[in-house]
Structure formats: C-alpha cells, structure tokens
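Asks: My questions will all concern the structure given below.
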Amino acid sequence: MTSLWLIRGVRPYGEDPVDLLLRDGAIAEVGVGLVAKDAEVLDAGGLIALPGLVDLHTHLREPGREDAETVQTGSRAAALGGFTAVHAMANTDPVADTAGVVEQVWRLGREAGLVDVAPVGAVTVGLAGTQLAELGAMADSPARVRVFSDDGFCVADPALMRRALEYVKAFDGVIAQHAEEPRLTQGAQMHEGVLSARLGLAGWPSVAEEAIIARDVLLAAHVGSRLHVCHVSTRGSVDIVARAKADGVAVTCEVTPHHLLLTDEYVTGYDPLFKVNPPLRTADDVDALRAGLADGTIDAIATDHAPHAMEDKECEWAMARPGMLGLEQALSVAVEAMIETGLLDWRGLADRMSVRPARIGQLDGHGQPLEVGRPANLVLVDPDVRRVVSSADLASRARNTPYAQRELPARVVATFLRGRPTVLDGKAQR
Amino acid sequence: MKRHLLSAADLDLGDATLILDTAAQIDAALAGREVKKLPTLRGRTVVNLFFEDSTRTRISFELAAKRLSADVINFAAKGSSVSKGESLKDTALTLEAMGADAIVCRHSASGAPHRLAEWVQGSVINAGDGTHEHPTQALLDAYTIRRRLGRLDGVRVTIVGDVLHSRVARSNVLLLDTLGAQITLVAPPTLLPVGIGSWPVEVSYDLDAVLAKADVVMMLRVQQERMNASYFPSAREYSRRYGLDARRMAVLPEDAIVMHPGPMNRGMEIAAEVADSVRSTIVEQVSNGLSVRMAVLYLLLGGDSK
Ligand SMILES: [Zn+2]
C-alpha cells in the first residue's frame, strides 16, 4: 500500500505556511499551492510542523511489568505525544542485558508500529553494577543497540565505568549514566534542603548527582569516550557539564520535562505522584536547567516516562516507587517552560526534542530537517489551544501523571512515522 | 481548629492555648475523683492505628479516649508494601466503613497520616510519623513546661540530640515557637538537618556553652544505630559531648527543668542521677500526656456530636 499525504498550510518550525507532500515514507515536495491527485489531504492551517520527537529515556516496562505499561500502550502514548522514536530503558524483568531481550523489545516495537522503539542495553549484568553485560552482542543484534544504561542505578564503580566507556567505542556506543552516588543517597526520599528538613524525609543531596557527573566527565576525557548524562536536575550539574563541554569533553546530557516545571514544593502533601528519581529540586535549579537547555549545555529533553501501577503510588511516600509519566505531556510542558518564556523558539525546541536526541541515539532516520528527500517523520502541533490534563484520558496503562488537573499549552494534532499517520486529529491510529 | 492534627504547624496560638487550657480544665475536673471518667465522647469511636510498635503512646491515647467514654479499637497493622499486607488505603477504607470518628495513627513513614487524612472522613491525629512529627508529644511538653514554670512566652528551651531524625524535635520547634518560647538546638553537626537555617531556632554544637541560659533542657533519645552510620564515633564520645550529667545539670539556672520524651537511654544522653532528680519532669510528662490527649480528642470530636 502506498501512502500519499498532502499537508496544507502548515508552518514548519512555526515559520511561514507551506504545503508538504509525503510520499512513500519521505518528504517528496515542499511548496505553496501543491496539488497531488489521490493524496489524502490534511488541512493544517494554524498548525506547526516539527520533526518527529525522539525520546532518549522511556520506560516501557515490557517484559515484566505489563500491568504498568506495555510496548503497545507506551508506543501509543509516545505517538500521541508527538514522538516517532523512543529509547526503551533496560530495567525490565528480565533485564535487557542480552541480545535476546533487546531483540524482543525491538520486535514488540515493530509489531506495535506506532514509533520506532530503540532498546537501550544494560551496562552491567542484571543492572548489578559488577560485570559488563555483552554490550557487543546487543550492538550487533537486529536491535542495533547504541545507547547503554543501567538507569535506575548508577554505574558507581569508577573502574567499571571507565571500562564501559572505553569498550563501547568499538561500535560507537554511548554510556548513559544515571548519576547518583549510592552511598550519599541511601534511603533518600526527596531533594535535600529546607523542605526535606521540615518534612522529615531523608535527603537526596545535589552533590550525589554532581560528584558522579564530575567524575564521569573526567573519566570520559581520560579515555576519549562519549558520555551521556541522564536527567540532570541541579544547577551544579549544568555548571559541570558546561565546563566539560568548554574543555572539549564529548559529553551530552538531558533534562526531563518535570524537572523543567516542578519543584520540591510539590512534595509537601506527601503525594507519591511527585516522587521521582532524581527528585524534584528547587526553583533555582529549575531556572538553571531552563537556561542550560536554552544555551545548549543541555542537549535534549528526555521524558524518563516511568509508568507505575496504582498500588505503587497510592501508598506511603517512602514505600512508593519513584517515577512519573511523561510521554503524552512532554511537548506541552516544554512549550510552557521554554517557548512561552521565550527561552527557545520552535526551531530550538525541535533541536532539543528531535535533532540532538536522534544524533545521541544514532537514529539516522529521525531528527532530520523538514526538507525534500528527508524521512517523513513529523509532528503537527496546535500551539494555540490549552488543555486540562485528565489522568483518565491517558493512553498509558498507568495513571501516575504529575500534571492531572493542570492546564498546559499546545496539543499534538497529528504524528507521521515514515509518511503514515500514527496520530490523526489527536487520536492514535492503532 | 482544623479537622486533623497532622503537624504542630496546624495549630495557631489560639488553638494551642485552647488545647493546653482544656487539658488544665480536665485535670482540675478529674482531680480527687475516684472514677476518672467523663461522658463527653460517649458513642464516638476512636481507632488506634499503629503501624509501628509504641506501647506507651498507644496506651496513653487508649486511656485518654476511654476516660472520655469513647469506644476504642486498637488496630495494629504492618506497613503496607513492605510486608505485602493490606495497603494503607485499604485499611483507611475499612476504618471508614466502621465509622471511625478519629484515627490515631502511628507510622514509620513520614507523611503516612497525611495520606490517611485524604481517604477518611474522620479526624486523623498524628501519633508520630517516621522522622517527621509527633504533635501531641510537643503539646504535652508545652503543657509540662507551663505547669512547672508558669508560662511559655519567652521561656528558653534547649533541645539536645538527634534533631535530624527526631519527630519530637520537629513538632516542639513548631509548637514552642508558636507559643513564644526561644529555642536552641544542640547537636553534633551530623545530626542537624541540612536546611535547618530556615527554622526559628538558634543552633549550637556546644552544650556547655548554652546550659547556663536554659530554662528547659529537653534531651532527645539517641539511637545506637546512628553510631554505625558514622553520625558520631562512639556512644562514649557522644555521651561526653552531648550527654546531660550531674556536672552539667549543676550549671543550669535554679528553676530550670530537664525533660525527656522517653524511652531513655540512661547513661547515654542522660545520666541516671539527672533523670531521677527533682528537676526531671519525665514522669509528669507521661501523666500530662494523658490530659493533653484527652483535650485533643475532646476538641477534635466533642464539638460536633452526631
Ligand atoms: Zn534514571
């Protein structure tokens, strides 16, 4: 079946309106007043076109916790959020630490057919932090793994981290580090500061993140490897990465939507919907993260979409699992934090949510400019609507959104994956 | 007053004073009586929901409710996800269905009573949550100070010990500040929380430097396990630097009192001769706890009988 779509009057990157003709998975023509016989026509007046979003950090939970999310439901949430590719984190059950598991996840993604699911491989066997997983086998598998992470756990052993950084050079992989010095965060429940003191919750100090990032950029520089830092959350982390980049270290990093919007003030009611790792930080950290994303120190917005079953959140704070949903609201949060504040324009946002994450994850078909001949992976956004988030309406199987009842700007109207709509009129097509 | 008592910060000066005055009235009403019972809460149900063992606090609340003629249910539960028992929410809904008018909740997790309060109609009284708060302990401490010294406004209170992990310290700081006391916290720096700069207190690392200016010295229980996590090198060193012994007690102003929420580690944070001295209010604190808890139950439940 061929596919032929004519998108009329859309504004690429929020610029002047044009028509886009999508044919056989690619952008075939760009111009004003295009005509195409037999094309399905989408009137996109007022909408903004961006390259399909790419998430470097998604927890799809399959295999193992299909009660919280599956590749199918997570893919649908991703497509509805405007994503055309997601990186599926390795902390599944079994852990994605072998070629067999990453290939299974990759295949489930293909069957779902809504986004490209790029499995992330575990750095160490069972995420245990003691022995390297078979990174080469995962790289050579059909899943073509290039990003490796023990996310949820930090590769804390400096010798092991050094070896991992070195080893993946053989297939141009990258280690994505969840930076958390474990000895400084034992039993930690929230950001350590004024509020943790008042709320009587064990503190997760900023230095536990910053110390690992500082160590890792030094290691990466020493062995000449690429390093990616997951979900930076503090002003100090931004400063360390900025300095490392200025020194020429091949380091990239990401920030989550929630760290761009929410602060530790939300912990005050002890509602575990706001429990996340790294924890919500202070307003000063939020300012620094936004500024770092704007000036390019932070390369990407990555959701850390972390679905959890109801019983893991409707409980005492200390017993709740950390993590929050992110895929469906990521773009809206980014618009509020970065576009409406004037910190980024739409081109800048496309760079941080598509171009650079695709480059870091080495997904060649994604993050490409909206030009003739490029893959037709794109999202159409209505920038002018505002919507109240309802947790009942989420496509995710889980309900742990921190944005319930919050009004957010912008709406994904359509998403195209290789020229075929995965979302039309705000509805998933499968 | 608010419907729940979750934090000492829920009480403004009027509320706190009302509770202390009510406790005094209850004491007066019961003084010399053979049957120490008031009919005030007849037909009301008070549930003691204890996820953490604390016989003394439970008995105090139980006796307080019974002396007000309430029906009392003791519900000992285990923490939810940890033991794979019934969840806090399910427990809350069960108690709700039983028609609990008040739930007295003790839990090892900070904030658990706050969660509970979202799921039930009745009043929730925090009887100690993790390392967060223990508001009725602060009320009984304030009551004890007022009875001994005749006032709270301007009283200089020094709280000594593991402030970082102490719910007693958090609630006392909030309540005593509301009541006008001047508070000094003394501890090794490791046992003071990061962020303490925002508290309405003076902080000192040197117990000897502050004792001469203390009207009240409140010693906190220090757990041995803190030593294993390197909060201090040894029990002996802790005791030497932060323990209250007879030598230090002698430095206190003449009328100063010594308090301890119990249970004590005699010989660790407090010497036996101090605990048993005339300055010590430790036994009174227990009986005052009963009066204050009666006052809290009365004020939270008595006003709007069904
Ligand atoms: Zn992580």
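Asks: Kindly provide the set of residues from region A:36-58 that are charged (D, E, K, R) and either surrounded by fewer than 24 Cβ atoms within 10 Å (Cβ to Cβ) or in a helix (DSSP H, G or I) (or both), ordered by number.
Replies: The initial filter retains those residues of region A:36-58 that are charged (D, E, K, R), namely A:37-38, A:40, A:43, A:55.
Within region A:36-58, A:K37, A:D38, A:E40, A:D43 qualify.
Asks: Hey, another quick one. Under the condition of being within 14 Å of chain A (Cβ to nearest Cβ) and in contact with a His (Cβ under 8 Å, 6 or more places away or on another chain), which residue from region B:121-144 is nearest to B:S7 (Cα to Cα)? Break it down stepwise before answering.
Replies: Here is the first cut: in region B:121-144, the residues within 14 Å of chain A (Cβ to nearest Cβ) are B:124, B:126, B:128-135, B:137-138.
Narrowing the set further to residues that are in contact with a His (Cβ under 8 Å, 6 or more places away or on another chain) leaves B:124, B:126, B:128-131.
Values: B:V124: 11, B:N126: 7, B:G128: 10, B:D129: 10, B:G130: 13, B:T131: 12 Å.
Selected residue: B:N126.
Asks: Conditions first: (1) within 30 Å of B:E118 (Cα to Cα); (2) without any contact (Cβ under 8 Å) to a residue 40 or more places away in the chain. A:P278 passes all but one, so which condition is the exception?
Replies: (2)
Asks: Which fully enclosed helices (runs of 4 or more DSSP H) of region B:34-120 have 2 or more residues being at the interface with chain A (Cβ under 10 Å from one of its Cβ atoms), crowded, with 22+ Cβ neighbours inside 10 Å and not hydrophobic (A, V, I, L, M, F, W, C)?
Replies: Working: elements: B:55-67, B:80-83, B:88-97, B:112-119.
In region B:34-120, the matching helices (runs of 4 or more DSSP H) lie at B:112-119.
Asks: Now a separate question. At pLDDT 95 or above, buried (at least 17 other Cβ atoms within 10 Å of the Cβ) and in contact with a Phe, Trp or Tyr (Cβ under 8 Å, 6 or more places away or on another chain), is that true of A:L219? Explain how you work it out, then say what you get.
Replies: Numbers: at pLDDT 95 or above: yes; buried (at least 17 other Cβ atoms within 10 Å of the Cβ): yes; in contact with a Phe, Trp or Tyr (Cβ under 8 Å, 6 or more places away or on another chain): no.
The answer is no for A:L219.
Asks: Across region A:129-188, which residue is farthest from the ligand (Cβ to nearest atom) among those that are surrounded by fewer than 16 Cβ atoms within 10 Å (Cβ to Cβ) and either closer than 29 Å to A:G203 by Cβ or within 14 Å of chain B (Cβ to nearest Cβ) (or both)?
Replies: Filtering first and then ranking leaves A:A159.
Asks: Identify, please: which residue in region A:290-316 is surrounded by fewer than 24 Cβ atoms within 10 Å (Cβ to Cβ) and among the hydrophobic types (A, V, I, L, M, F, W, C) and is, among those, farthest from the other protein chains (Cβ to nearest Cβ)? Please lay out each step first, then the result.
Replies: If we filter region A:290-316 for residues that are surrounded by fewer than 24 Cβ atoms within 10 Å (Cβ to Cβ), which is where we start, we get A:290-292, A:294-296, A:309-315.
Applying the additional criterion that residues be among the hydrophobic types (A, V, I, L, M, F, W, C) yields A:291, A:294, A:309-310, A:315.
On the way: A:A291: 24, A:A294: 29, A:A309: 11, A:M310: 9, A:C315: 5 Å.
Result: A:A294.
Asks: Which ones in region A:91-103 are within 15 Å of the ligand (Cβ to nearest atom) and hydrophobic (A, V, I, L, M, F, W, C)?
Replies: So the first thing to find is which residues in region A:91-103 are within 15 Å of the ligand (Cβ to nearest atom), and the list is A:91-92, A:95-96.
Across region A:91-103, the qualifying residues are A:V95, A:A96.
Asks: Anything in region A:59-91 that is surrounded by fewer than 24 Cβ atoms within 10 Å (Cβ to Cβ) and of a type in the set (S, T, N, Q)? List them, or say none.
Replies: Listed by number, the residues that qualify are A:T70, A:Q72, A:T73, A:N91.
Asks: Of all residues being part of a helix (DSSP H, G or I) and surrounded by fewer than 24 Cβ atoms within 10 Å (Cβ to Cβ) in region B:145-160, which is nearest to the other protein chains (Cβ to nearest Cβ)? Just the residue, please. Step through it out loud before you land on a result.
Replies: Going residue by residue through region B:145-160, those that are part of a helix (DSSP H, G or I) are B:145-149.
Pick out the ones that are also surrounded by fewer than 24 Cβ atoms within 10 Å (Cβ to Cβ) and you get B:146-149.
Numbers: B:R146: 25, B:R147: 28, B:R148: 28, B:L149: 28 Å.
Checked region B:145-160; the qualifying residue nearest to the other protein chains (Cβ to nearest Cβ) is B:R146.
Asks: If you go through region B:183-223, how many residues are touching a residue at least 12 places away in the same chain (Cβ under 8 Å), in a helix (DSSP H, G or I) and either more than 14 Å from chain A (Cβ to nearest Cβ) or over 26 Å from B:Q285 (Cα atoms) (or both)?
Replies: If we filter region B:183-223 for residues that are touching a residue at least 12 places away in the same chain (Cβ under 8 Å), which is where we start, we get B:183-193, B:196, B:199-208, B:210-223.
Keeping just the survivors that are in a helix (DSSP H, G or I) gives B:189-191, B:196, B:207-208, B:210-213.
Retained after the next criterion (residues that are either more than 14 Å from chain A (Cβ to nearest Cβ) or over 26 Å from B:Q285 (Cα atoms) (or both)): B:189-190, B:196, B:207-208, B:210-213.
Here the count works out to 9.
Asks: Ok, one more. Would you confirm whether or not region A:52-59 contains a residue that is closer than 18 Å to A:A414 by Cα and out of contact with any Gly (no Cβ under 6 Å at 6 or more places or on another chain)? Steps first, answer last, please.
Replies: Of the residues in region A:52-59, the ones closer than 18 Å to A:A414 by Cα are A:52-55.
From what is left, the residues that are out of contact with any Gly (no Cβ under 6 Å at 6 or more places or on another chain) are A:52, A:55.
Within region A:52-59, one or more residues are closer than 18 Å to A:A414 by Cα and out of contact with any Gly (no Cβ under 6 Å at 6 or more places or on another chain).
Asks: I want to confirm something. Restricting to region A:189-216 and keeping residues that are buried (at least 24 other Cβ atoms within 10 Å of the Cβ) and of a type in the set (D, E, K, R), which single residue is nearest to the ligand (Cβ to nearest atom)?
Replies: A:E209
Asks: If you go through region A:70-90 one residue at a time, do you hit one that is part of a loop (DSSP other than H, G, I, E, B), within 16 Å of the ligand (Cβ to nearest atom) and more than 23 Å from A:V413 (Cα to Cα)?
Replies: Pass one, region A:70-90, residues part of a loop (DSSP other than H, G, I, E, B): A:70, A:81-82, A:89-90.
Subsequent filtering for residues that are within 16 Å of the ligand (Cβ to nearest atom) retains A:89-90.
Narrowing the set further to residues that are more than 23 Å from A:V413 (Cα to Cα) leaves A:89-90.
Yes, region A:70-90 contains at least one residue that is part of a loop (DSSP other than H, G, I, E, B), within 16 Å of the ligand (Cβ to nearest atom) and more than 23 Å from A:V413 (Cα to Cα).
The values are calculated or read from the model by the stated rules, or taken from the named source; none is laboratory data. Here the structure is a predicted model, which means the values were calculated and not measured. All Cβ positions, even for glycine, are placed from backbone atoms using ideal geometry, and neighbour counts span all protein chains on display.
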